[in-house]
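Undergrad: Got a structure here, written out as structure tokens. Questions coming.
The values are calculated or read from the model by the stated rules, or taken from the named source; none is laboratory data. If you're wondering where the values come from, they're calculated on a predicted model, not measured in any experiment. Note that we place each Cβ from the backbone using ideal geometry, even for glycine, and neighbour counts take in every protein chain shown. Just the protein is used for accessible areas: all its heavy atoms, side chains included, with ligands, DNA and RNA removed. Shrake-Rupley method; radii C 1.70, N 1.55, O 1.52, S 1.80 Å.
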Amino acid sequence: MRTAYSVETVRAAEQELMARLPDGALMQRAVAGLTAACAELLGRVYGRRVVLLVGSGDNGGDALYAGARLARRGAGVVAVLLAPDRTHPGGLAALRRAGGRVVEGAEAAEEPLRRADLVVDGIVGIGGKGGLRPDAAPLLDVLGEIRAAVVAVDLPSGVEADTGEVRGAAVRADLTVTFGTHKPGLLVDPAREYAGSVRLVDIGLALPGEAELQALQHADVAALLPVPGAESDKYRRGVVGIAAGSSRYPGAAVLAVSGALRGGAGAVRYVGPAGDAVIARFPETLVSTGSPEQAGRVQAWVVGPGAGDDADAVAAVLKADVPVLVDADGLRLADRDAVRARRAPTLLTPHAGEAAALLGVPREEVESARLASVRELAERYGATVLLKGSTTLVASPGGGAVRVNSTGTGWLATAGSGDVLSGLTGSLLAAGLDARDAGSVGAYLHGLAGRLAADGAPVGAHDVAEAVREAWRDVTTA
């Protein structure tokens, strides 16, 4: 599992470690990792041209020390000092001893940047807020025009480490070399898009057990997936109820059922007006023509995909004393007080537009502050929230680590894809996973299925559902 910690936590751990190490030892650990990453990206160091964009403080110091090491290996290194009066003195002295050249001010950067093979972004550290300063922002125009690879030190300058927000001009890196632990901004969009590939350098920090963010990997997902035992039957494996679809959107019911059938539960009950379409496509479904209360025993419900204005079905499902997943139209129809009053777990699965409607803010606000938005929504509704997007987030009410998932692909932005995710995740709930685990595992498998189905080409939601089995096998055989 990958974890990410706040700036405050990282700095406390650094201070504790520095107190036990010789002066400068911790920085040199970071510099060694940064230098190795730069050298690997260059392929051949001797004769290559490297430009360091150097701000104040330790972030700039890391860049200078790494530049000195590259210069000693034969690279031509130019350091552009953007805060000459506050440049890290030890790093600057080391670069000069190694034969590096120094220029001052952003206006002096264009000529060396246009000749560079590699640019090292050491402008702003993890404590930066609000984007690049106006005097540094013009560098971005040049960086956008050149072909040199850009390596960010710890975090791309201009993005916010704790929130993943980008509130102004920011560097777009090809590679970010981060130290000690991931920072939330490296895992959450929109900042994640600026980080490029991320390389973690272990510098020996002792970090607490509870992280700000958790990102599941194959092994974590495999350990959570339900596996039937020798004595299992369809009821012991769990039965998921699907209350979805309408005369206008019967396909939503079919797609939600398709996801549910591949999610590990032993049986799927369907309730709603699209029963004929469902049974024609999936004859193994247990179809009921009554209300959700009359459908028979279930271990979890999914309600809302394609439901139109069927508020009665949503209200009935929310009264059930089993885990409930609410999606799509159900999010609009669900009474917040009814959700908060539930004793059994509730999982809400909005995309950014639906989350914005629930929070009463513009969609752009949710998209720019995804981490804050998912946490606030979880608290308002007293429910676990899965905020869909390029980096899907899963937050529990009461706080704790937010789960982040990035297995998806842009090809998943297709009609009905969310219905498949709802059915898949609801099935995991019925099979016994708690709301946070079900949301995290569902998003992981769904994203991976999207990649496998697409393979670089457009897909439909039904293709994603069909690929869930391959994703499941990929996770469990890794």
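Undergrad: Exactly one condition in (1) β-branched (Val, Ile, Thr); (2) within 15 Å of the chain's Cα centre (by Cα); (3) closer than 24 Å to ASP463 by Cα is false for VAL254; which is it?
TA: Going through (1) β-branched (Val, Ile, Thr); (2) within 15 Å of the chain's Cα centre (by Cα); (3) closer than 24 Å to ASP463 by Cα one by one, VAL254 breaks only (2).
Undergrad: Identify all residues within the stretch 126-180 that are part of a loop (DSSP other than H, G, I, E, B), β-branched (Val, Ile, Thr) and open to solvent by less than 10 Å² (accessible area, probe 1.4 Å); write none if there are none.
TA: Result: VAL159, VAL171.
Undergrad: Then there is this: Checking the conditions here, which among GLY99, GLY60, GLY90 is at pLDDT 95 or above, open to solvent by less than 20 Å² (accessible area, probe 1.4 Å) and touching a helix residue (DSSP H, G or I) at 6+ places or on another chain (Cβ under 9 Å)? Can you show your working first?
TA: On the way: GLY99 fails: open to solvent by less than 20 Å² (accessible area, probe 1.4 Å); GLY90 fails: open to solvent by less than 20 Å² (accessible area, probe 1.4 Å).
From the options GLY99, GLY60, GLY90, the qualifying one is GLY60.
Undergrad: Being free of Cβ contacts under 8 Å to residues at least 60 places away in the same chain and acidic (Asp, Glu) is the requirement here; does GLU367 meet it?
TA: So GLU367 does not fit the description; no.
Undergrad: Which of the helices (runs of 4 or more DSSP H) found entirely inside the stretch 364-478 contain at least 2 residues meeting this: open to solvent by 10 Å² or more (accessible area, probe 1.4 Å) and more than 27 Å from VAL257 (Cβ to Cβ)?
TA: Here the list reads 370-381.
Undergrad: Only one of these conditions is not met by VAL188: (1) without any contact (Cβ under 8 Å) to a residue 60 or more places away in the chain; (2) assigned to a loop (DSSP other than H, G, I, E, B); (3) not aromatic (Phe, Trp, Tyr). Which number is it?
TA: Failed condition: (1).
Undergrad: Sticking with this one: Take GLN15 and tell me if it is closer than 21 Å to LEU175 by Cα, more than 28 Å from the chain's Cα centre (by Cα), open to solvent by 50 Å² or more (accessible area, probe 1.4 Å) and not small (Gly, Ala, Ser). Full working, then the answer.
TA: Values: closer than 21 Å to LEU175 by Cα: no; more than 28 Å from the chain's Cα centre (by Cα): yes; open to solvent by 50 Å² or more (accessible area, probe 1.4 Å): yes; not small (Gly, Ala, Ser): yes.
No: the conditions fail for GLN15.
Undergrad: Another question, then. Select from the stretch 346-363 the residues that are in a helix (DSSP H, G or I) and open to solvent by 70 Å² or more (accessible area, probe 1.4 Å) and list them in ascending order. Before you say what the answer is, go through the steps one by one.
TA: Within the stretch 346-363, the subset in a helix (DSSP H, G or I) is 352-359, 363.
Those that are in a helix (DSSP H, G or I) and open to solvent by 70 Å² or more (accessible area, probe 1.4 Å): ALA357, ARG363.
Undergrad: Next question, about the same structure. Sort out which residues of the stretch 439-455 are more than 13 Å from THR392 (Cα to Cα), among the aliphatic types (A, V, I, L, M) and out of contact with any Asp or Glu (no Cβ under 6 Å at 6 or more places or on another chain), and write them in order of number.
TA: Let us first name the residues in the stretch 439-455 that are more than 13 Å from THR392 (Cα to Cα), namely 449-455.
Subset that is among the aliphatic types (A, V, I, L, M): 449, 452-454.
Scanning the stretch 439-455 gives ALA449, ALA454.
Undergrad: Further, regarding this structure: Taking the condition in a helix (DSSP H, G or I), farther than 14 Å from ASP154 by Cβ and acidic (Asp, Glu), does GLU210 pass?
TA: no
Undergrad: Of the conditions (1) open to solvent by 30 Å² or more (accessible area, probe 1.4 Å); (2) not in a helix (DSSP H, G or I), VAL120 clears all except one; give me its number.
TA: Exception for VAL120: condition (1).
Undergrad: Of all residues in the stretch 214-231, which are assigned to a loop (DSSP other than H, G, I, E, B) and open to solvent by 50 Å² or more (accessible area, probe 1.4 Å)? Explain how you work it out, then say what you get.
TA: Going through the stretch 214-231, the residues assigned to a loop (DSSP other than H, G, I, E, B) turn out to be 216-217, 225-231.
Those that are assigned to a loop (DSSP other than H, G, I, E, B) and open to solvent by 50 Å² or more (accessible area, probe 1.4 Å): GLN217, VAL227, PRO228, ALA230, GLU231.
Undergrad: So, one more: Output the helices (runs of 4 or more DSSP H) that fall wholly within the stretch 2-116 and possess 2 or more residues being touching a residue at least 60 places away in the same chain (Cβ under 8 Å) and either out of contact with any strand residue (DSSP E or B) (no Cβ under 6 Å at 6 or more places or on another chain) or more than 28 Å from ASP141 (Cα to Cα) (or both), or say none.
TA: By residue number, 7-18, 25-42, 57-72.
Undergrad: What number of residues within the stretch 191-206 are assigned to a loop (DSSP other than H, G, I, E, B) and under 18 Å from VAL124 (Cα atoms)? Talk me through it step by step, then tell me what you get.
TA: Looking only at the stretch 191-206, we keep the residues that are assigned to a loop (DSSP other than H, G, I, E, B), and these are 196, 202-206.
With the extra rule that they be under 18 Å from VAL124 (Cα atoms), the set shrinks to 196.
So the answer is 1.
Undergrad: Sticking with this one: Run down ALA36, ALA4 and say which single residue is touching an Asp or Glu at 6+ places or on another chain (Cβ under 7 Å), within 16 Å of THR178 (Cβ to Cβ) and aliphatic (A, V, I, L, M).
TA: ALA4
Undergrad: Right, something else. Given the criteria within 30 Å of the chain's Cα centre (by Cα) and surrounded by fewer than 17 Cβ atoms within 10 Å (Cβ to Cβ), does GLN299 qualify? Talk me through it step by step, then tell me what you get.
TA: On the way: within 30 Å of the chain's Cα centre (by Cα): yes; surrounded by fewer than 17 Cβ atoms within 10 Å (Cβ to Cβ): no.
Spelling it out, it is not the case that GLN299 is within 30 Å of the chain's Cα centre (by Cα) and surrounded by fewer than 17 Cβ atoms within 10 Å (Cβ to Cβ).
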